[in-house]
Amino acid sequence: MPEKSVFEIEEAFADERIDKVIVALTDGTRSFVQKSIEDGNVLVNGKTVSKNYRCSVGDEISVSFSEPVMLDVSPENIPLDIRFEDESLLVVNKAKGMVVHPAPGNYSGTLVNALMYHCGDSLSGINGIIRPGIVHRIDKDTSGLLIVAKNDFSHNFLAEQIKEHSFTREYRAVIIGHLKESSGTVDAPIGRNPKDRKKMAVTDKNSKNAVTHYEVLEEYKGYSLVKLKLETGRTHQIRVHMAYLGHPVAGDEVYGGKRKDDGLLGQCLHAGLIGFIHPVTKEYIEISSEYPEYFEDFLRRIK
């Protein structure tokens, strides 16, 4: 059976071409999405449309990706830095630059490909073929810890902790400049940027609540090292909130943290600690990860 996704068009996507909208919402490639439209796998309010169709607020978009294409996601023998593993779950220390899960038309070299090789059939199926075992995600250029469920019971148990904000997620980041307060909380809703559909922004329109707690650990000339704890888990939350404060994450080309001389490829952001209640033993487990080499190198250069 095809995997089906349904979206309702919000104001941020009004008058945008249907192919561009689906690329933004699914992370699929432009060519793959256009072919899906041509093959009749994309419906707008129950009817097929051309790739040039421009969306209206309230349009219901139904996207079906056929099973043969989905099954192109194959196991790949990619080394994994596993920090914890048992029969229920594993915790992976993801390298900077690695994509978490495939997108239609781009199926190789991701964490999911590596997990399929390592775990075989022992991954939860809740998020379908594209995201087996993936309970939460971190950005391609964010390094650090990610939890993966090996069965649906564990997946649901862990996802509920994230929903109830009892799942600990602590990050380290180098940000540009110095914060006015040494610690604090950013409580500002995040939604899609109405001026740029590929970005998120602090906005009251079509947004969800987002809360980030921060603490300054060290200050350097032009930069600060901060600890950040997520209460919610919105897309790009830390990057958006730091930019909102006027101190974007160093190296972040999307949200204004890139400097010509920083030498960074992507944001200097590391998921350094996660804590959760184990789905079977019901014990609280906390796992930490040291700074990766790129992070240490940047700290040495700015000290």
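If Ile138 satisfies all but one of (1) under 19 Å from His278 (Cα atoms); (2) in contact with a strand residue (DSSP E or B) (Cβ under 7 Å, 6 or more places away or on another chain); (3) modelled with pLDDT under 95, what's the number of the condition it fails?
(1)
What pairs come out if I take residues in the range 240-259 that are farther than 14 Å from His178 by Cβ and pair them with residues that are open to solvent by less than 30 Å² (accessible area, probe 1.4 Å) and of a type in the set (D, E, K, R) whose C-beta lies under 6 Å away, six or more apart or interchain?
These pairs meet every condition: Val249/Arg239; Gly251/Asp262; Asp252/Arg239; Tyr255/Arg239.
Regarding Lys140, is this residue over 21 Å from Ser5 (Cα atoms), open to solvent by 60 Å² or more (accessible area, probe 1.4 Å) and not aliphatic (A, V, I, L, M)?
Values: over 21 Å from Ser5 (Cα atoms): yes; open to solvent by 60 Å² or more (accessible area, probe 1.4 Å): yes; not aliphatic (A, V, I, L, M): yes.
Spelling it out, Lys140 is indeed over 21 Å from Ser5 (Cα atoms), open to solvent by 60 Å² or more (accessible area, probe 1.4 Å) and not aliphatic (A, V, I, L, M).
Within the range 12-35, how many residues turn out to be at pLDDT 85 or above and either in contact with a Phe, Trp or Tyr (Cβ under 7 Å, 6 or more places away or on another chain) or more than 19 Å from Asn106 (Cα to Cα) (or both)?
7
If you go through the range 121-138 one residue at a time, do you hit one that is within 16 Å of the chain's Cα centre (by Cα), aliphatic (A, V, I, L, M) and part of a helix (DSSP H, G or I)?
Initially, the range 121-138 is screened for residues within 16 Å of the chain's Cα centre (by Cα), giving 127, 130-138.
Imposing the further condition that a residue be aliphatic (A, V, I, L, M) reduces the set to 130, 134-135, 138.
Remaining after also requiring part of a helix (DSSP H, G or I): none.
No, the range 121-138 contains no residue that is within 16 Å of the chain's Cα centre (by Cα), aliphatic (A, V, I, L, M) and part of a helix (DSSP H, G or I).
Go through (1) surrounded by fewer than 17 Cβ atoms within 10 Å (Cβ to Cβ); (2) at pLDDT 95 or above and name the single condition Leu265 misses.
Result: Leu265 fails condition (2) only.
Select from the range 202-232 the residues that are touching a residue at least 40 places away in the same chain (Cβ under 8 Å), buried (at least 17 other Cβ atoms within 10 Å of the Cβ) and closer than 28 Å to Ala12 by Cβ and list them in ascending order.
Taking the range 202-232 and keeping what is touching a residue at least 40 places away in the same chain (Cβ under 8 Å), we get 202, 205-206, 217, 219-232.
So of that shortlist, the ones also buried (at least 17 other Cβ atoms within 10 Å of the Cβ) come out as 202, 223-226, 228, 230, 232.
The answer is Val202, Leu228, Leu230, Thr232.
Please verify whether the range 76-83 includes one or more residues that are of a type in the set (A, V, I, L, M) and not in a loop (DSSP other than H, G, I, E, B).
The initial filter retains those residues of the range 76-83 that are of a type in the set (A, V, I, L, M), namely 78, 80, 82.
With the extra rule that they be not in a loop (DSSP other than H, G, I, E, B), the set shrinks to 82.
Checking the range 76-83: at least one residue is of a type in the set (A, V, I, L, M) and not in a loop (DSSP other than H, G, I, E, B).
Working only within the range 120-158, note down all residues that are of a type in the set (Asp, Glu) and closer than 23 Å to Ser288 by Cα. It would help to see each step written out before you state the result.
Going through the range 120-158, the residues of a type in the set (Asp, Glu) turn out to be 121, 139, 141, 152.
Matches in the range 120-158: Asp139, Asp141.
Checking the condition open to solvent by 70 Å² or more (accessible area, probe 1.4 Å), touching a strand residue (DSSP E or B) at 6+ places or on another chain (Cβ under 8 Å) and in contact (Cβ under 8 Å) with a residue 24 or more places away in the chain, which residue from His178, His270 passes?
Numbers: His270 fails: open to solvent by 70 Å² or more (accessible area, probe 1.4 Å).
Of the residues listed, the single one that is open to solvent by 70 Å² or more (accessible area, probe 1.4 Å), touching a strand residue (DSSP E or B) at 6+ places or on another chain (Cβ under 8 Å) and in contact (Cβ under 8 Å) with a residue 24 or more places away in the chain is His178.
Could you please let me know if Leu90 is part of a loop (DSSP other than H, G, I, E, B), open to solvent by less than 50 Å² (accessible area, probe 1.4 Å) and modelled with pLDDT of 80 or more?
Values: part of a loop (DSSP other than H, G, I, E, B): no; open to solvent by less than 50 Å² (accessible area, probe 1.4 Å): yes; modelled with pLDDT of 80 or more: yes.
No; evaluated as a whole, the condition is false for this residue.
The values are calculated or read from the model by the stated rules, or taken from the named source; none is laboratory data. Because the structure is a prediction, the values reported are computed rather than measured. Positions of Cβ are backbone-derived with ideal geometry, glycine not excepted, and every protein chain shown enters the neighbour counts. These area figures cover heavy atoms from the full protein model, side chains too; ligands, DNA and RNA do not enter into them. Shrake-Rupley method; radii C 1.70, N 1.55, O 1.52, S 1.80 Å.
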